[in-house]
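Q: This is the structure I have questions about; it appears just below.
The values are calculated or read from the model by the stated rules, or taken from the named source; none is laboratory data. Worth saying up front: this structure is predicted, and the values here are computed from it rather than measured. So basically every Cβ, Gly included, is an ideal-geometry build from the backbone, and we count neighbours across all protein chains shown. Note: accessible area is taken over every heavy atom of the protein model, side chains too, but ligands, DNA and RNA are not part of it. Shrake-Rupley method; radii C 1.70, N 1.55, O 1.52, S 1.80 Å.
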Amino acid sequence: MRHLLPWGIFALSLLLLPWLFPSVLGISILNEMAIAIVFALSYNMLLGQGGMLSFGHAVYFGLGGFLAAHAMLGMEQDGPVFSVTLIPLVAGIGGLLAALLIGSFSTRRAGTSFAMISLGLGELLAALSLILVGFFGGEAGISGDRSLGPDFFGFDFAQDRQVYALAAVWTFASTLLMYLFTLTPAGRMANAVRDNPERAAFLGYRVQRVRLLSFVVSGFFAGAAGGLFALHNEILSAQSLSTANSGNVLLMAYIGGIGFFIGPIIGAVLLTLINSVLSHYTDLWLLYLGISFVLTVMFLPQGLTGLLMMHVAPWRRGLLHTLLRPYLRTAVPALLCVSGLLALLETLHHQGEAVIFLGISLPGGQASNWLAIVLIITLAALDWHRSLPALRAAWQRATRGETP
Amino acid sequence: MSLLQLQCVSKHFGRTRVLEDISLTVEAGERHAIIGPNGAGKSTLFDLISGRLSPDSGSIHFRGQAIQARPPHELAQLGLARSFQLSSLFPRLSAFENLRCALLRPMGFGLSLTRLLPRAHALTARTEALLEEIGLAERRNTLAAELSYAEQRALELGLTLASGAELILLDEPVAGMSRSEAAQAIQLIRRVTQGRTLLLVEHDMGAVFELAERISVLADGRLIASGSPAQIRTNPLVQQAYLGSAIMQEGVDA
Ligand SMILES: Nc1ncnc2c1ncn2[C@@H]1O[C@H](COP(=O)(O)OP(=O)(O)O)[C@@H](O)[C@H]1O
Ligand SMILES: [Mg+2]
C-alpha cells in the first residue's frame, strides 16, 4: 500500500491545483507543467535510465505536435473524425515512428556519437521546418482549432480548463506507464546497457536493440507531450522542435535529478514556473537559468532530488532538526550574497535606469550604489564562508548518527 | 563431434603475434584448464572463443557451427558464457540487480515490455539463491561499484554461472580471493558446471588440479602440451616453460 501513496499525492495534486490557481494564467501554467512532466520523463528514459545523452529530443516532441496540429486542421476542413482526446495518441505514434526510423542508426553507439547524431538531426529538422512549408507552416507555423472534434461526454475542449483535464489524465497515465517501464525486463536491461554495454552483450543481449526499445518508447511519450502542447496552444511553430527546446528538456531532467524517477518531474515543475514567472520580472532569466544549470552540474550532480534524498539518512535517525540552526545560519548570508549579486547584475543590465529590486528602487548609474552592493556581497560572502565549518560538522553528526 | 574445436587459430596485435597456430578441442562435459605464464595469450584465447575478438586465421567451431565471425550476443544465445579477468559488472546496479539481469534471458524474460520484475517471484527466488551461493546475500543491495575486490570477483563469477550455458569460460575466477573464499568458489564452480563443459584459466594450481580433468599449456602464444594432470606435471616441455617459477611445484604439492 505504501508505494501507492506517491501516486495518490500526484493524482490529488493534478486534481486540486486548478482549483487553487483558477485564473487563465494559472491554468495555462499548470497545463505547461503537465506537458513538461511528460516530456522530461520521456527524456530521462534516455539520459538517466539508458545513458543516452540527446541534444535533439525536441524532434519527437515537435513532430508529434505538428501531427496533432494537422489532425486539428483536418477536422476543421473535413468535420469531426475522431475524438480530440485521442490526438496525443496520434502524436505519440508519430513520435514513436520517427524514433524508430532515427534510432535504427543513432542507437548503434551511445556516448559521443549518439549525442552528435542527435544534435545534427535536431539542426537538420529545424532547417527542414523552414523549407517544408506545407507540413511545418513556415514562419507562421500550423494552427488548428481543438474544439472541432466530436463532443466527449459534454466536453468540447474550447476552454482551457477542459484541455487541462485532458492533459492531467494523459500526464497521470503517461507517468504511470513510464514508471512501469522501469520495472520491466526491458527497462532494467536499459540500465544494464547504460552501465556496461559489453557485459550486456555477453549476457546474450543485442545492445542496440535494448537501446532502440527505450528510444522508441521515449519517442512515443515525447510525441504525446508534443500533441498535448499543440492542443494547449492551438498553434505550433518551428520553435517547438528547435535545439533550444531540446536544451530546455535537458535542463529540466538534469536540474531535477536524472538518477531518480521523480527527478524530471521536479525539474519540469520548477523550470516551467521559472520560465513563466521569472520571465515576467526580469529579462535576465535565461542567464539565471544557465547559471543554475552550471551550479547544479558542479555541486549537485544528483540534482535537486539528490539534495532532498541526502536528507533521508538524518531523518531516519531523527536528527533532521539538528540541521535547522546551521542551515539558517548559512542561509542568511548566502541569500544576502546572492541577492547582492542579482542586484549587481540587474543594475549593470539596466545601465542608467532605475531598477526595482525586491521592492527597493535602485537608481542606476551611481558609483556609490554599486560600491554599496559590492560591499554587501563581500561581507555576506565572508560570513557565508565562516558559517560553513559549523554546517559541515553538524552534517557529519547528523549522518553518522552521533548526537552533539 | 567435439563441443568446441579450434583449428590453426592465430591472432596478432600489430606486429606482435599473440597466438600462433592454436588447435584445441574441448569435449562436451569436460573440465579443461588452460595454464601458462603471464602474457602467454590465455585471455586473448578466451576473447577469440567468446567473440570479443576475431582470429586473423583459423576456424573456431562450437556445436558444429563456425563461430569465428559471430558477435558475442549470438554466442551467448548459442550457449556460451564467459567471465572476465578484470571484473566486468554493472557498477550502478546492486549486487541483486546484477544477478537478476544475468538471469533474465536464461529464465525467458528477454526484453519483455509486459512483465513486471517485482511480480516475477520465481526470478526473484532464483536470484536470491544465486546471491546466497556466491556469498553475497548480505550485500544484496550494495552497488556493484561499492563492493570489495573479492566480492566483485564473486559477482563476476555469479554473472557467468547464472547463464546456465552449455560451455562456461572462466578467466582466473579465484584470483584475488582469500583461501576460504577461493575454496567456496571452487565448490560452487564444481557444482554449477556439473553436466556442463568448463574451460578454465587459472594461476592457482590448487584450483586447477581440483577442477580440471584435462590441462593445456600455453606459452608464448603456442600450445605446448595438452593432457591429463599427471601427464602435464611430468611433461619436460612444461617444466621448461615454467623454469624458475614455483607454480608447478605448488601444483605438485597440492
Ligand atoms: N589489445 C591488445 N593490444 C595489444 N597487445 C595486447 C592486447 N591484449 C593483449 N595483448 C598482449 O598479448 C599478450 C597476451 O595477453 P593475454 O592474452 O592477456 O595474456 P594472459 O591472459 O595469458 O596473461 C600480452 O603480451 C599482452 O601484452
Ligand atoms: Mg589473462
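Q: Checking A:Y205 against (1) buried (at least 24 other Cβ atoms within 10 Å of the Cβ); (2) within 14 Å of chain B (Cβ to nearest Cβ); (3) assigned to a helix (DSSP H, G or I), which single condition isn't satisfied?
A: Unmet condition: (3).
Q: What tally of residues in segment A:153-169 results from selecting those that are open to solvent by 30 Å² or more (accessible area, probe 1.4 Å) and either within 30 Å of A:F105 (Cα to Cα) or of a type in the set (A, V, I, L, M) (or both)?
A: Residues of segment A:153-169 that are open to solvent by 30 Å² or more (accessible area, probe 1.4 Å), as a first pass: A:153-156, A:158-162, A:165, A:169.
With the extra rule that they be either within 30 Å of A:F105 (Cα to Cα) or of a type in the set (A, V, I, L, M) (or both), the set shrinks to A:158, A:165, A:169.
Within segment A:153-169, residues that are open to solvent by 30 Å² or more (accessible area, probe 1.4 Å) and either within 30 Å of A:F105 (Cα to Cα) or of a type in the set (A, V, I, L, M) (or both) number 3.
Q: Taking B:F46, is it within 12 Å of chain A (Cβ to nearest Cβ), farther than 17 Å from B:L3 by Cα, within 12 Å of ligand 1 (Cβ to nearest atom) and of a type outside the set (D, E)?
A: Numbers: within 12 Å of chain A (Cβ to nearest Cβ): yes; farther than 17 Å from B:L3 by Cα: no; within 12 Å of ligand 1 (Cβ to nearest atom): yes; of a type outside the set (D, E): yes.
The answer is no for B:F46.
Q: Across segment A:151-196, which residue is nearest to the other protein chains (Cβ to nearest Cβ) among those that are among the charged types (D, E, K, R) and touching a Gly at 6+ places or on another chain (Cβ under 9 Å)? Spell out how you get there, then give the answer.
A: Residues of segment A:151-196 that are among the charged types (D, E, K, R), as a first pass: A:151, A:156, A:160-161, A:188, A:194-195.
Next, from what is left, pick out any that are touching a Gly at 6+ places or on another chain (Cβ under 9 Å): A:156, A:194-195.
Details: A:D156: 35, A:R194: 8, A:D195: 4 Å.
So, considering only residues that are among the charged types (D, E, K, R) and touching a Gly at 6+ places or on another chain (Cβ under 9 Å), the one nearest to the other protein chains (Cβ to nearest Cβ) is A:D195.
Q: Hey, another quick one. Any residue in segment A:147-163 that is in a helix (DSSP H, G or I), among the aliphatic types (A, V, I, L, M), in the same structural domain as A:T85 (by TED's automatic domain parsing) and within 22 Å of A:S42 (Cβ to Cβ)? Let's see the steps before the verdict.
A: Step one: filter segment A:147-163 for residues in a helix (DSSP H, G or I), giving A:147-148, A:160-163.
Among the residues that remain, those that are also among the aliphatic types (A, V, I, L, M) are: A:148, A:163.
The next check asks that each one be in the same structural domain as A:T85 (by TED's automatic domain parsing); those that pass are A:148, A:163.
Then keep just the ones that are within 22 Å of A:S42 (Cβ to Cβ); that gives A:163.
Looking for residues that are in a helix (DSSP H, G or I), among the aliphatic types (A, V, I, L, M), in the same structural domain as A:T85 (by TED's automatic domain parsing) and within 22 Å of A:S42 (Cβ to Cβ), one finds at least one in segment A:147-163, hence yes.
Q: Further, regarding this structure: Those residues that are open to solvent by less than 40 Å² (accessible area, probe 1.4 Å), more than 8 Å from chain A (Cβ to nearest Cβ) and either within 16 Å of the chain's Cα centre (by Cα) or of a type in the set (V, I, T) (or both), I need them from segment B:50-77; list them, please.
A: Selection gives B:G51, B:I60, B:F62, B:I67, B:L75.
Yes or no, residue by residue, for (1) of a type in the set (F, W, Y); (2) open to solvent by 30 Å² or more (accessible area, probe 1.4 Å):
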| residue | (1), (2) |
| --- | --- |
| A:Q239 | no, yes |
| A:T243 | no, yes |
| A:L250 | no, no |
| A:G256 | no, no |
| A:F260 | yes, yes |
| A:G263 | no, no |
| A:V269 | no, yes |
| A:L278 | no, yes |
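Conditions (1) more than 20 Å from B:P72 (Cα to Cα); (2) away from ligand 2 (no atom under 15 Å from the Cβ); (3) away from chain A (no Cβ under 14 Å); (4) modelled with pLDDT of 90 or more, marked per residue:
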residue	(1), (2), (3), (4)
B:L159	no, yes, no, yes
B:G164	no, yes, no, no
B:L167	no, yes, no, yes
B:L170	no, no, no, yes
B:A182	yes, yes, yes, yes
B:R191	yes, yes, yes, no
B:R196	no, yes, yes, yes
B:L200	no, no, yes, yes
B:D204	yes, no, yes, no
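Q: So, of the residues in segment B:123-151 that are buried (at least 22 other Cβ atoms within 10 Å of the Cβ) and assigned to a helix (DSSP H, G or I), which turns out to be nearest to the other protein chains (Cβ to nearest Cβ)?
A: B:A144
Q: Kindly evaluate B:Q85 against the criterion of being touching a helix residue (DSSP H, G or I) at 6+ places or on another chain (Cβ under 8 Å) and within 16 Å of ligand 1 (Cβ to nearest atom). Walk me through how you get there before you give the answer.
A: Details: touching a helix residue (DSSP H, G or I) at 6+ places or on another chain (Cβ under 8 Å): yes; within 16 Å of ligand 1 (Cβ to nearest atom): yes.
Yes: the conditions hold for B:Q85.
Q: State yes or no: is A:E346 of a type outside the set (V, I, T) and part of a loop (DSSP other than H, G, I, E, B)?
A: Working: of a type outside the set (V, I, T): yes; part of a loop (DSSP other than H, G, I, E, B): no.
It is false that A:E346 is of a type outside the set (V, I, T) and part of a loop (DSSP other than H, G, I, E, B).
Q: A further question on this structure: Here is a list: A:A69, A:A99. Which entry is in contact with a strand residue (DSSP E or B) (Cβ under 7 Å, 6 or more places away or on another chain) and aliphatic (A, V, I, L, M)?
A: Details: A:A99 fails: in contact with a strand residue (DSSP E or B) (Cβ under 7 Å, 6 or more places away or on another chain).
Matching residue, one of A:A69, A:A99: A:A69.
Q: Got a number for residues in segment A:195-209 being among the charged types (D, E, K, R) and closer than 16 Å to B:L93 by Cβ?
A: At the first step, the residues of segment A:195-209 found to be among the charged types (D, E, K, R) are A:195, A:198-199, A:206, A:209.
The next check asks that each one be closer than 16 Å to B:L93 by Cβ; those that pass are A:195, A:198-199.
Going through segment A:195-209 one residue at a time, the tally reaches 3.
Q: Would you pick out the residues in segment B:79-96 that are more than 7 Å from chain A (Cβ to nearest Cβ) and either without any contact (Cβ under 8 Å) to a residue 60 or more places away in the chain or on the phi > 0 side of the Ramachandran plot (or both)?
A: Residues of segment B:79-96 more than 7 Å from chain A (Cβ to nearest Cβ): B:79-81, B:83-87, B:94-96.
Of everything in segment B:79-96, those that are more than 7 Å from chain A (Cβ to nearest Cβ) and either without any contact (Cβ under 8 Å) to a residue 60 or more places away in the chain or on the phi > 0 side of the Ramachandran plot (or both) turn out to be B:G79, B:L86, B:S94, B:F96.
Q: Name the single residue, out of those in segment B:78-90 being under 16 Å from B:L199 (Cβ atoms) and more than 16 Å from ligand 2 (Cβ to nearest atom), that is surrounded by the most Cβ atoms within 10 Å (Cβ to Cβ). Spell out the reasoning first.
A: Taking segment B:78-90 as the starting set, the residues that turn out to be under 16 Å from B:L199 (Cβ atoms) are B:78-85.
Okay, now just the ones that are also more than 16 Å from ligand 2 (Cβ to nearest atom), so B:78-81.
Numbers: B:L78: 17, B:G79: 18, B:L80: 28, B:A81: 25.
Applying the filter and picking the extreme gives B:L80.
Q: Sticking with this structure for a sec: Give the residue that is surrounded by the fewest Cβ atoms within 10 Å (Cβ to Cβ), with candidates limited to residues of segment B:165-184 that are touching a residue at least 60 places away in the same chain (Cβ under 8 Å) and assigned to a loop (DSSP other than H, G, I, E, B).
A: So in segment B:165-184, the residues touching a residue at least 60 places away in the same chain (Cβ under 8 Å) come out as B:165-173, B:175.
When the remaining residues are screened for being assigned to a loop (DSSP other than H, G, I, E, B), the result is B:165-166, B:172-173, B:175.
Numbers: B:A165: 22, B:E166: 18, B:E172: 20, B:P173: 27, B:A175: 16.
Filtering first and then ranking leaves B:A175.
Q: Output the residues belonging to segment B:101-122 that are under 24 Å from the mean Cα position of the chain (by Cα), more than 7 Å from every other protein chain (Cβ to nearest Cβ) and either open to solvent by 60 Å² or more (accessible area, probe 1.4 Å) or closer than 9 Å to B:L159 by Cα (or both).
A: Selection gives B:L103, B:M107.
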